Each structure stands twice: as structure tokens, then as C-alpha cells.
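Data block below; observations after.
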Amino acid sequence: MEEKINSVLITGASSGIGKALVEVFANNAYHVIGISRREKNLIDLKKSLGENEKYFDYLVADISERNQIEEICDNISSKYFVHCLINNAGISSFKSAIDDTIDEIEKIIKTNLFAPIYLIKKFLPEMILKKDGTIINILSVVNKKIFTNSSIYSASKTGLESFSKVLREEHRNDNIKIINVFPGATATEIWPSKALEKYSSKMMDSKSVANIIFQAFEQKGNLSVEELVIRPITGDL
Ligand SMILES: NC(=O)c1ccc[n+]([C@@H]2O[C@H](COP(=O)([O-])OP(=O)(O)OC[C@H]3O[C@@H](n4cnc5c(N)ncnc54)[C@H](OP(=O)(O)O)[C@@H]3O)[C@@H](O)[C@H]2O)c1
């Protein structure tokens, strides 16, 4: 049997922080698998990597659909060993709790909370077997501070934080690193265009955020960066 390719799996690779993460990992010769729904963006991203495009494979999938996750996971497991899983894909509604519809609530929870948990459950056993694994969760400053118009988003992010903190304790002896990242406002497509127009100069850029996450991943020795809070110098919006 062919040996599996050691890979970094990044969800939400088609824009923003996820795209910047693909670039920094691939440009440092890590093999990356990117997942998201917009295929055109993934094709363009691969091309833009130039000679490093050989380090990037992608799969088109909607991770809010459990059957699609199962399909891509089977595909990935047959060919790759995922030594690093980056749960980055995320959505928000920017609405008050009373205005969020049940459909919107379900979509946010499925994308931001269920999908990362399914992916962790899928890839953690092989990480444990090989005593080599890093799970990076892109959470948010909403885990640290109350922001209105983000109740379900906050519930999904704090849910994943709690899950991961327990998981970390359960696997202290398996050489599994769990890095919870809490970024502040970053200029990406997640924001409504009006907010971007008004505040982008006060936001961080996704490349700088991705570089810090990459540095945390690269730390060697018997230590792990467990939490990473990254804010604009001027603070929250
Ligand atoms: N920007 C900020 O200020 C900020 C602050 C704190 C935390 N974060 C977090 O950072 C992460 C990345 O967001 P971003 O700011 O970079 O926004 P973004 O540019 O909108 O990126 C979100 C990514 O998630 C993917 N995605 C969304 N739903 C998906 C689904 N159902 N299936 C597969 N992929 C899906 C999108 O790809 P497709 O649309 O192609 O599927 C896109 O690649 C999110 O978890 C977000 O909560 C962002």
C-alpha cells in the first residue's frame, strides 16, 4: 500500500483567514488540503501558489451537511494522514437572537460547532495512534467578551472551546496539541460590506493573523501554545 501523505487539513480555504493559512503552510512546504464550497476560489488559490501549488489539494464540500463531511473524510483518510486539522470555516448572521430564524441558527451551529467536532472525531484516532497531532480551532474574541448580534455565533464558538478544553485534558499523554485561537476583527468577507467600508482600517489583515497561527503551530519541544488571543492594537470595534 502507498504511504499516506502527511497533511494539514484546513476548512474554509476559499477566502479570508483560511486562504491566508493555506498560503503560509503551502509556502513553507507543508502539504495542505483545503475544503470549502466555492470551487472557483480554490482553483484560483491553487494557481496563485505558483511552484508551491504541488503542496495544495482541495475538496469542494458543504461542511454543514453531515453526509458531505463523511464522504470527504473517507476520501481524505484513504490518501492522507491529517497531522494537523484547522477548524477555520465559520459563518455568522450579525442579527439579534430574536431576529435569527431557526434555519439560520441550525446552519451556524452545524458549520461552526458540529462540523469541527465531526472532523475531530474522524481524524483524532489516527493522530493518537501516531502520537502526532495538532488541532487548531479558529474561535473569536466573542469567547472573551460579550458582543450583541452574535448570540448563536458566540454559542457555537464557546461550545467548540469547551469541547476542545475537555478533549485536551483527555489526551495529555497522546502528544496531541490543541490550539484555540481567538482573533479580533479581521478584514474578511465574513463582515457585511458596509461594516468593511466603515471599519476595515481598524481591522487586522488575514495574512498577519495566519502568520501568527503558523508560528504557534511551528513551536517545537514539549510545549504547546494552548490559547492565542490576537487583537488590533486599537482594540475591539
Ligand atoms: N474576520 C473576523 O473578524 C473574524 C474574527 C474572529 C474569528 N473569525 C473566524 O475566522 C474564521 C474564518 O472566517 P473569515 O473571517 O476568514 O471569513 P470568510 O472570508 O467569510 O471565510 C469563511 C470561510 O468558511 C467557508 N465556509 C463557510 N461555510 C461553509 C460550509 N458550510 N462549508 C464549507 N466551507 C464553509 C467559506 O467558504 P465557502 O463560502 O467557499 O464555502 C470561507 O472559506 C471563521 O471561523 C470566523 O468565525 C473571524
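The values are calculated or read from the model by the stated rules, or taken from the named source; none is laboratory data. It should be emphasised that the depicted structure is a prediction, and the values quoted were computed from it without experimental measurement. Counting neighbours? That spans all protein chains shown, and the Cβs are built from the backbone with ideal geometry, glycine included. These accessible areas exclude ligands, DNA and RNA; they are computed on the full protein's heavy atoms, side chains included. Shrake-Rupley method; radii C 1.70, N 1.55, O 1.52, S 1.80 Å.
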Could you say whether any residue in segment 147-170 is on the phi < 0 side of the Ramachandran plot, of a type in the set (Val, Ile, Thr) and assigned to a strand (DSSP E or B)?
-> no
Filter segment 26-44 down to the residues that are closer than 21 Å to VAL181 by Cβ and within 15 Å of the ligand (Cβ to nearest atom), then identify the one that is surrounded by the most Cβ atoms within 10 Å (Cβ to Cβ).
-> GLY34
Conditions (1) within 18 Å of GLY90 (Cβ to Cβ); (2) more than 10 Å from the ligand (Cβ to nearest atom): number failed by SER224 = (1)
Could you grab me the full set of residues in segment 61-110 that are closer than 19 Å to LEU42 by Cα, within 14 Å of the ligand (Cβ to nearest atom) and among the polar types (S, T, N, Q)?
-> SER64, GLN68, ASN87, ASN88
Regarding ILE212, is this residue closer than 26 Å to VAL8 by Cα, in a helix (DSSP H, G or I), open to solvent by less than 80 Å² (accessible area, probe 1.4 Å) and at pLDDT 95 or above?
-> yes
Before we move on, is ASN137 closer than 27 Å to ASN27 by Cα, more than 19 Å from the chain's Cα centre (by Cα) and polar (S, T, N, Q)?
-> no
Which residues, counting only those in segment 171-183, are surrounded by 16 or more Cβ atoms within 10 Å (Cβ to Cβ) and in a loop (DSSP other than H, G, I, E, B)?
-> HIS171
Hits in segment 137-177 - residues which are more than 16 Å from the ligand (Cβ to nearest atom) and among the aliphatic types (A, V, I, L, M) | VAL166, LEU167, ILE176
Out of all the residues in segment 117-133, is one or more farther than 19 Å from ALA216 by Cβ, surrounded by fewer than 16 Cβ atoms within 10 Å (Cβ to Cβ), without any contact (Cβ under 8 Å) to a residue 40 or more places away in the chain and within 15 Å of the ligand (Cβ to nearest atom)?
-> no
In segment 153-163, which residues are open to solvent by less than 30 Å² (accessible area, probe 1.4 Å), in contact (Cβ under 8 Å) with a residue 40 or more places away in the chain and not charged (D, E, K, R)?
-> SER156, GLY159, LEU160
Test for SER93: is it within 26 Å of LEU196 (Cα to Cα), in contact with a Leu (Cβ under 7 Å, 6 or more places away or on another chain) and surrounded by 17 or more Cβ atoms within 10 Å (Cβ to Cβ) = no
